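Read the structure below first, then the notes.
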Amino acid sequence: MLSGRDLLGAAQTGTGKTAGFTLPLLQRLATGANASASPARHPVKALILVPTRELAAQVQESVRAYGRHLKVRSTVIFGGVGFNPQAMELRRGVDIVVATPGRLLDHVEQRTIDLRHVEVLVLDEADRMLDMGFIPAIRRILALLPAKRQNLLFSATFPDEIRKLAGSFMRDPATVEVAPRNRPVELISQVAHPVDKDRKRELLAHLVKTGDWHQVLVFTRTKHGANRLAQQLERDGIEADAIHGNKSQPARTRALKRFKDNELQVLVATDIASRGLDIEELPHVVNYDLPHVPEDYVHRIGRTGRAGLSGEAVSLVSGEDRPLLAAIERLINRRIEQRTIAGFEPGSSYHAAAPRHEPQRQQRHERGRQTTGQQHPRKGGNHPQHNRQEHRHESRAPAQGQWSGHSQRPQTQQPAQPRQHSQHGDRQPAVQQAQTQQFPALFGTSRRKAG
C-alpha cells in the first residue's frame, strides 16, 4: 500500500484487515496533511466503501482511533440518519470518507461531495457488496473518481465474480491471501446441541444462566424471530435486545453500543451483523437458527475468536436443521461436536427423516449469478435516492475451496445422515421473477455481466 500499488487482500474474519488498510492509508495521507479547516485544503483524498451501516461506523471508529494524533480529518456517511449533518461535515472539509454506496450516491446527486480529488479507493467486504447487489452502484461511483488513483480491495473470500470485478478497474494488483477460504479461525471452539425446535429458547436461557454468560451474540433467521426471541429472553430475566434491518438506525446503534458496553447480556441479530462487526473479546456466538447458506455460518461465528483471542460458537440443532448442519460440516471439512444437554434430550422426531431443504451449492451458485442486484422498486434498487439496500440480504454465491482439518466424533451418537438433494430455500421467489420481467431496465444486469 505504501508503494502506491493496487492490492487485493483476503484473510479470515477477525484477523485485522481494517487495520491492514487503515494504518498505511493514514501514513500516506499524514505526510501531506494540512491543518487548515478550509474544504479546499481538505478535499476528499480517500474513499472507503463498505456494505452496511454498522460496518461503516466501525471502520470510522478505527480511522479515528488510529489517527487521533494526526492532522487527518475523516467522516462517515450512511443511510437511516439525517442527511444535513453529513452534508455540513463534508462542507467543512475531510480527507477520508467512509460510506455505504446508497447514501454516497445521495450526496453525489445533491452535490454535497466532490470525488474528483480521491487518491485512494478502498472496497471493504467486497464479497458482501457483491451478495447485496451493490455492483451497479459501485460502477457508478468508479466513473466519478479520477482515473489515476490507488485501488484496494479487501474481502474475507475471493469468489470468481470479485476477481472479475477487480480486473475491470485495478491495475496489476498485488494479491495477498492469508488463509484458505471458508476456514473458521482455529481459536473458535464449535459445538452443536441437539434439541427439539420448541425447546430452543428454553435451552438458550438455560445455557446463558448456568454458564453465567455475560456477552452473547445470538443469530436468528428472521427479523420477527429476532424480536420475539429478545422479548422472550427478557421475560426469562435476561437483559436482551434485537438488531436487524427493520430497526431504525438510532435503535440499532443504541443496542450495539449497549452490547459492547456490557449493558446487554444477549444481542439477538439477523445476518446483518454477521459481517464486519468487531466486538472486543466477544466470548460466545449462538446459532439459534442455522443459516441456509453454509458460508454464512463461517462469517457468523467469526464475530468471536478475533484478534488472537479464543471464543465459543454454539449451534442449537433441531431435527429439521440436520441437513443444514451436514452442509456446514462439508464446507468446513470437519465434524462439529454434538453434545446433548441433560434435561433437553430431543424426542423421537429429531431422528425422523429431516425436511429436504439442504442447499445445493452449484445450483444456488448459478441462481446467484442471475439474481444478485435485483431489488424491488419500492425497496431501494440502485437509484441514488434509495439507500435501504444497505441492509438487504440477497442470494449468495458460495465461495469456492475447502480446507483440510481433523474430524471429531460427536459425543452423542447420531444415525447416518443421507445426503439430501433439494432446492428448497434457494429458489428465486416467483414475485421477484415477475418484477424482473416487468422492470428489466431497473434491475440491471446479471452477476455474470456485472463481473
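Under the 0.36 nm per residue contour assumption, what length would be gained going from the current alpha-carbon distance of residue 281 and residue 330 to full extension?
That pair, residue 281 and residue 330, stretches by 14.8 nm at full extension.
List 288, 66 from most exposed to least, where exposure is judged by having the fewest other Cβ atoms within 10 Å.
With the fewest neighbours first, 288, 66 line up as 66, 288.
So between residue 160 and residue 174, what do we pick up on full extension, going 0.36 nm a residue minus the alpha carbon distance? Walk me through the intermediate numbers first.
Details: separation 14, 0.36 × 14 = 5.04 nm, distance 1.64 nm.
Using 0.36 nm per residue and subtracting the Cα-Cα distance, I get 3.4 nm.
Going through the cross-link list 200/223; 197/223; 197/260, which pairs have a Cα-Cα distance over 25 Å in this structure?
Check vs 25 Å cut-off fails for 197/260.
Taking 56 Å as R0, compute the FRET efficiency from the Cβ-Cβ separation of residue 257 and residue 348 and round it to 0.05.
Values: r = 45 Å, r/R0 = 0.80.
FRET efficiency, residue 257 to residue 348: 0.80.
Can you put 45, 148 in order, fewest other beta carbons within 10 Å first?
148, 45
Expected output is a single nm value to one decimal: the length gained when fully extending between residue 83 and residue 212, i.e. 0.36 nm times separation in residues minus the C-alpha distance. What is it?
Full extension of this stretch gives 42.2 nm more.
What does the charge count around residue 342 come to, taking other residues whose C-beta lies under 14 Å from its C-beta (Lys +1, Arg +1, Asp -1, Glu -1)?
Numbers: positive: 199, 339; negative: 202, 345.
Charge balance in the 14 Å sphere: 0.
In nm, give the distance between the simple-model label positions of residue 68 and residue 234, each being 7 Å from the Cα along the Cα-to-Cβ direction.
Here the modelled spin labels are 3.4 nm apart.
Kindly provide log₁₀ I(q)/I(0) values, in the same order as q = 0.23, 0.25 Å⁻¹, from the Debye equation applied to equal alpha-carbon scatterers of the range 114-183.
The Cα Debye sum returns log10 ratios of -1.12, -1.29.
Quick one: if the Förster radius is 41 Å, what FRET efficiency do residue 109 and residue 341 give, using the C-beta to C-beta distance and rounding to 0.05?
Efficiency, rounded to the nearest 0.05: 0.15.
5 Å is the cut-off here: which amide hydrogens, built 1.01 Å from N in the peptide plane, fall below it relative to residue 73, excluding neighbours closer than 5 in sequence?
When sequence neighbours closer than 5 places are left aside, the close amide H contacts are 95, 96.
Counting just the Cα atoms, what span does the range 7-177 cover along each of its three principal axes? Round to the nearest Å and put the largest first.
Per principal axis, max minus min of the Cα coordinates gives 43, 32, 30 Å.
Do you know the relative contact order of the range 188-351, to the nearest whole percent, from alpha carbon pairs under 8 angstrom that are 6+ apart? Spell out each step's value before the answer.
Working: 310 pairs, mean separation 56.7, N = 164.
Normalised by residue count, the contact order of the range 188-351 is 35 percent.
Provide the packing ranking of 98-104, 82-88, 334-340, 232-238, i.e. peptides ordered by the mean count of other C-beta atoms within 10 Å per residue, highest first.
Put in order of decreasing packing, that is 98-104, 334-340, 232-238, 82-88.
Given labels modelled 7 Å from the Cα in the Cβ direction, how far is it in nm from residue 191 to residue 143?
5.5
Within the P(r) computed for the range 188-351, what percentage of the Cα pairs occupies the region above 27 Å?
More than 27 Å apart: 17 percent of the Cα pairs in the range 188-351.
Sorting check: for 211-218, 342-349, which peptide has the highest mean count of neighbouring beta carbons within 10 Å, and how do the rest follow?
Averaged packing, sorted descending, gives the order 211-218, 342-349.
Sort 293-300, 313-320 by the packing proxy (mean of other Cβ within 10 Å over each peptide's residues), most packed first.
Going by the mean number of other Cβ atoms within 10 Å, highest first, we get 293-300, 313-320.
Tell me which residues come under 5 Å, amide H to amide H, from residue 242 once H is placed; ignore anything under 5 positions away on its chain.
268
None of the figures in this text is laboratory data; all of them are computed from the coordinates on show. Not measured: the values here are computed from a predicted model. Please note: Cβ atoms are built from the backbone with ideal geometry, for glycine as well, and neighbour counts cover all protein chains shown.
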